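Asker: One structure follows; several queries about it will come next.
The values are calculated or read from the model by the stated rules, or taken from the named source; none is laboratory data. For clarity, every value in this text was computed on a predicted model and none was experimentally measured. Using ideal geometry, Cβ is built from the backbone for each residue, glycine included, and neighbour counts are taken over all protein chains shown.
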Amino acid sequence: MAMFFPEPEEDDRNPNRAVGFLRYREVLEGNFKAFFLVSFLALVSLLPFGAGMFYAVASQSALVMLLAGLAGGAVSGPFLACMYDIILRRLRDDLDDWWFCWKKSMGQNWKASLLPGAVQGLFLGVLIFVGAMILLWAQEPVSLGTLALLLMAALLGTMILSIWWPQVVLFDQKPFLQLKNCLLFLLMHLWRCLGAAAVQVIWWLLMFLLLPWSAFVLPFLGVWYILFLAMFILYRPFERDFKLEEQIEALQARKGDG
């Protein structure tokens, strides 16, 4: 590949690690299979949420939407935690077998992921329900102010969730501390967080608007690609602020000494 692309730049933390687009391509090409398989399991876990939201929209029931969002989100939470875990492992060059990593992550994180899963399910449920109201049920055009408010809510919620999930799989912390860290990280890296949230909002908005044709794309790109892209954008400041790789290396060293 070096015949067609320049040699990778160096990462200050790891001289052997490329940065920028070359790093993006390196991680993507080397881990497509692992991402695809873990994403497939996450997609299966989202079926209860999807079925519940379909019924909520078809019946125009806000109560069904609330129940489907909370319950469906809680069901999918542990599987999404595994998806985040495998992405973050690959970004720090952990090449353990994906199935071993999945089982380990599921055992460690399933309880801690129920709350963020339920919150994310409710958040997405409200957005889908409001989107259906605007596109399917509204008798008059929706004002630009309403659309702008909905967009701001989608971006803010996505920013918080994008910082919350990595902490769930990486640290044993109380939810209050995780949310506090979310706000501090967001303030310190506002534009990067906004960029990571924007690509996710645009991605899922296109998926929603292009239904049913976009459903043919989901089995291949599923949830893994857009989460990988968001984590790739956020990983360097996240690793630097939380000293992630240093903590993991120290933990491994202590285990080795023991």
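Asker: Report the residue count in region 146-204 for those that are in contact with a Ser or Thr (Cβ under 6 Å, 6 or more places away or on another chain) and not aliphatic (A, V, I, L, M).
Answerer: So the answer is 1.
Asker: Now for a different question. Which numbered condition in (1) in contact with a Gly (Cβ under 9 Å, 6 or more places away or on another chain); (2) surrounded by 14 or more Cβ atoms within 10 Å (Cβ to Cβ); (3) aliphatic (A, V, I, L, M) is the only one that residue 88 fails?
Answerer: Every condition holds for residue 88 apart from (1).
Asker: Here is a follow-up. Residue 228 - would you say it is of a type in the set (Phe, Trp, Tyr) and either surrounded by 12 or more Cβ atoms within 10 Å (Cβ to Cβ) or over 20 Å from residue 32 (Cβ atoms) (or both)? Spell out the reasoning first.
Answerer: Working: of a type in the set (Phe, Trp, Tyr): yes; either surrounded by 12 or more Cβ atoms within 10 Å (Cβ to Cβ) or over 20 Å from residue 32 (Cβ atoms) (or both): yes.
When the stated conditions are applied, residue 228 passes them.
Asker: Then there's this: Give the residue, chosen from 186, 205, 209, 179, that is within 25 Å of residue 150 (Cβ to Cβ) and touching a Cys at 6+ places or on another chain (Cβ under 6 Å). Give the steps one after another, and end with the answer.
Answerer: Numbers: 205 fails: touching a Cys at 6+ places or on another chain (Cβ under 6 Å); 209 fails: touching a Cys at 6+ places or on another chain (Cβ under 6 Å); 179 fails: touching a Cys at 6+ places or on another chain (Cβ under 6 Å).
The unique qualifying residue is 186.
Asker: Could we say that residue 64 is under 23 Å from residue 99 (Cα atoms), modelled with pLDDT of 90 or more, touching a helix residue (DSSP H, G or I) at 6+ places or on another chain (Cβ under 8 Å) and surrounded by 16 or more Cβ atoms within 10 Å (Cβ to Cβ) here?
Answerer: Working: under 23 Å from residue 99 (Cα atoms): no; modelled with pLDDT of 90 or more: yes; touching a helix residue (DSSP H, G or I) at 6+ places or on another chain (Cβ under 8 Å): yes; surrounded by 16 or more Cβ atoms within 10 Å (Cβ to Cβ): yes.
Taking the combined requirement at face value, the residue does not satisfy it.
Asker: For region 87-175, which fully contained helices (runs of 4 or more DSSP H) count at least 2 residues that are free of Cβ contacts under 8 Å to residues at least 24 places away in the same chain?
Answerer: On the way: elements: 98-109, 114-132, 144-170.
Per the criteria, 98-109, 144-170.
Asker: Of everything in region 197-240, what is part of a loop (DSSP other than H, G, I, E, B) and more than 21 Å from residue 24 (Cβ to Cβ)? Give them in sequence order. Talk me through it step by step, then tell me what you get.
Answerer: Our first condition is that a residue be part of a loop (DSSP other than H, G, I, E, B); within region 197-240, this holds for 210-212, 217, 222-223.
Within region 197-240, 210, 211, 212 meet the criteria.
Conditions (1) farther than 26 Å from residue 245 by Cα; (2) surrounded by fewer than 18 Cβ atoms within 10 Å (Cβ to Cβ); (3) aliphatic (A, V, I, L, M), marked per residue:
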position: 113; (1), (2), (3): no, no, no
position: 129; (1), (2), (3): yes, no, no
position: 165; (1), (2), (3): no, no, no
position: 172; (1), (2), (3): no, yes, no
position: 190; (1), (2), (3): no, yes, yes
